[in-house]
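Here the structure comes first, spelled out in C-alpha coordinates, and everything after it is commentary.
The values are calculated or read from the model by the stated rules, or taken from the named source; none is laboratory data. Predicted model, so just to flag it, every value in this text is computed and none were measured. Note that we place each Cβ from the backbone using ideal geometry, even for glycine, and neighbour counts take in every protein chain shown.
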Amino acid sequence: MTLSRVAQQGGLFPLQTLNVQSFAGMDGSSAGIAYLQSYALIDHLVRNFGERKLQNFYAELIRSRNLDRALERVYRMDSAEFERQFLAGVI
(Lines give C-alpha, C1' and ligand atoms only; values in the text may rest on other atoms or scores of the structure.)
Protein backbone atom coordinates (compact mmCIF):
# COMPACT_ATOMS: atom_id res chain seq x y z
CA MET A 1 0.00 0.00 0.00
CA THR A 2 1.32 3.45 -0.88
CA LEU A 3 1.41 6.41 1.45
CA SER A 4 -0.89 8.28 -0.90
CA ARG A 5 -3.49 5.53 -0.67
CA VAL A 6 -3.22 5.42 3.13
CA ALA A 7 -3.71 9.22 3.18
CA GLN A 8 -6.75 9.02 0.92
CA GLN A 9 -8.27 6.45 3.28
CA GLY A 10 -7.58 8.69 6.29
CA GLY A 11 -5.03 6.27 7.71
CA LEU A 12 -2.13 8.64 8.35
CA PHE A 13 -1.12 9.42 11.90
CA PRO A 14 -1.31 12.91 13.38
CA LEU A 15 2.13 14.47 13.73
CA GLN A 16 1.94 14.31 17.53
CA THR A 17 1.42 10.53 17.36
CA LEU A 18 4.69 10.21 15.46
CA ASN A 19 6.50 12.41 17.97
CA VAL A 20 7.61 9.46 20.14
CA GLN A 21 10.92 7.72 20.74
CA SER A 22 9.75 4.38 19.35
CA PHE A 23 6.92 2.77 17.41
CA ALA A 24 7.43 -0.49 19.34
CA GLY A 25 4.00 -0.26 20.96
CA MET A 26 2.26 -0.35 17.57
CA ASP A 27 1.21 -3.44 15.67
CA GLY A 28 3.30 -4.30 12.60
CA SER A 29 1.05 -2.66 10.04
CA SER A 30 0.70 0.57 12.02
CA ALA A 31 4.44 0.71 12.69
CA GLY A 32 5.12 0.23 8.97
CA ILE A 33 2.84 3.16 8.13
CA ALA A 34 4.41 5.26 10.90
CA TYR A 35 7.95 4.65 9.57
CA LEU A 36 6.90 5.32 5.98
CA GLN A 37 5.09 8.50 7.00
CA SER A 38 8.05 9.67 9.11
CA TYR A 39 10.40 9.17 6.17
CA ALA A 40 8.01 11.08 3.90
CA LEU A 41 7.77 13.96 6.40
CA ILE A 42 11.56 14.34 6.45
CA ASP A 43 11.72 14.04 2.67
CA HIS A 44 9.09 16.79 2.42
CA LEU A 45 11.18 19.10 4.62
CA VAL A 46 14.34 18.50 2.58
CA ARG A 47 12.65 18.89 -0.80
CA ASN A 48 10.83 22.08 0.16
CA PHE A 49 13.29 23.79 2.50
CA GLY A 50 16.70 22.16 2.01
CA GLU A 51 19.07 20.08 4.09
CA ARG A 52 20.51 23.07 5.95
CA LYS A 53 17.12 23.94 7.42
CA LEU A 54 16.65 20.29 8.39
CA GLN A 55 19.94 20.40 10.28
CA ASN A 56 18.77 23.57 12.03
CA PHE A 57 15.46 21.89 12.82
CA TYR A 58 17.17 18.86 14.39
CA ALA A 59 19.39 21.11 16.47
CA GLU A 60 16.42 23.16 17.67
CA LEU A 61 14.38 20.04 18.38
CA ILE A 62 17.18 18.57 20.48
CA ARG A 63 17.71 21.87 22.27
CA SER A 64 14.08 22.68 23.01
CA ARG A 65 12.63 19.14 23.13
CA ASN A 66 9.48 20.69 21.72
CA LEU A 67 8.31 19.82 18.20
CA ASP A 68 5.99 22.81 17.83
CA ARG A 69 8.65 25.25 19.03
CA ALA A 70 11.25 23.79 16.65
CA LEU A 71 8.86 23.96 13.68
CA GLU A 72 7.96 27.54 14.51
CA ARG A 73 11.53 28.73 15.01
CA VAL A 74 13.03 27.08 11.95
CA TYR A 75 10.18 26.83 9.43
CA ARG A 76 7.93 29.62 10.73
CA MET A 77 4.86 27.37 10.88
CA ASP A 78 3.02 25.41 13.51
CA SER A 79 2.43 21.67 13.37
CA ALA A 80 -1.08 22.10 11.92
CA GLU A 81 0.27 24.12 8.97
CA PHE A 82 3.11 21.64 8.48
CA GLU A 83 0.65 18.73 8.39
CA ARG A 84 -1.58 20.61 5.95
CA GLN A 85 1.33 21.26 3.59
CA PHE A 86 2.54 17.69 3.88
CA LEU A 87 -0.91 16.21 3.18
CA ALA A 88 -1.38 18.49 0.18
CA GLY A 89 1.76 16.96 -1.32
CA VAL A 90 0.81 13.36 -0.52
CA ILE A 91 -2.82 13.21 -1.61
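Listed values, structure above:
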quantity: Residues being of a type in the set (Gly, Ala, Ser) and under 16 Å from PHE13 (Cβ atoms) - total across the stretch 32-88; calculated: 6
quantity: Sole exception among (1) farther than 21 Å from THR2 by Cα; (2) under 12 Å from the mean Cα position of the chain (by Cα) for ARG84, by number; calculated: (1)
quantity: Of residues in the stretch 65-89 being basic (Lys, Arg) and in a helix (DSSP H, G or I), the one farthest from SER38 (Cα to Cα); calculated: ARG73
quantity: Residues located in the stretch 42-75, provided they are of a type outside the set (D, E, K, R) and out of contact with any helix residue (DSSP H, G or I) (no Cβ under 6 Å at 6 or more places or on another chain); calculated: ILE42, ASN48, PHE49, GLY50, GLN55, TYR58, ALA59, ILE62, ASN66, LEU67, TYR75
quantity: The stretch 21-59, subset loosely packed, with under 12 Cβ neighbours inside 10 Å and closer than 25 Å to ARG76 by Cα, residue nearest to the chain's Cα centre (by Cα); calculated: TYR39
quantity: In the stretch 1-60, the residues that are over 19 Å from ARG84 (Cβ atoms), of a type in the set (A, V, I, L, M, F, W, C) and in a loop (DSSP other than H, G, I, E, B); calculated: MET1, VAL20, PHE23, ALA24, MET26
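Here's the yes/no breakdown for (1) in contact (Cβ under 8 Å) with a residue 12 or more places away in the chain; (2) touching a Phe, Trp or Tyr at 6+ places or on another chain (Cβ under 6 Å); (3) of a type in the set (Val, Ile, Thr):
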residue	(1), (2), (3)
ARG5	no, no, no
LEU12	yes, no, no
VAL20	no, no, yes
PHE23	yes, no, no
ALA31	no, yes, no
HIS44	yes, yes, no
ARG47	no, no, no
PHE57	yes, no, no
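Residue by residue, here is whether (1) modelled with pLDDT under 95; (2) basic (Lys, Arg) holds:
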site	(1), (2)
THR2	yes, no
LEU15	yes, no
MET26	yes, no
PHE49	no, no
GLU60	no, no
ARG63	no, yes
ARG73	no, yes
GLY89	yes, no
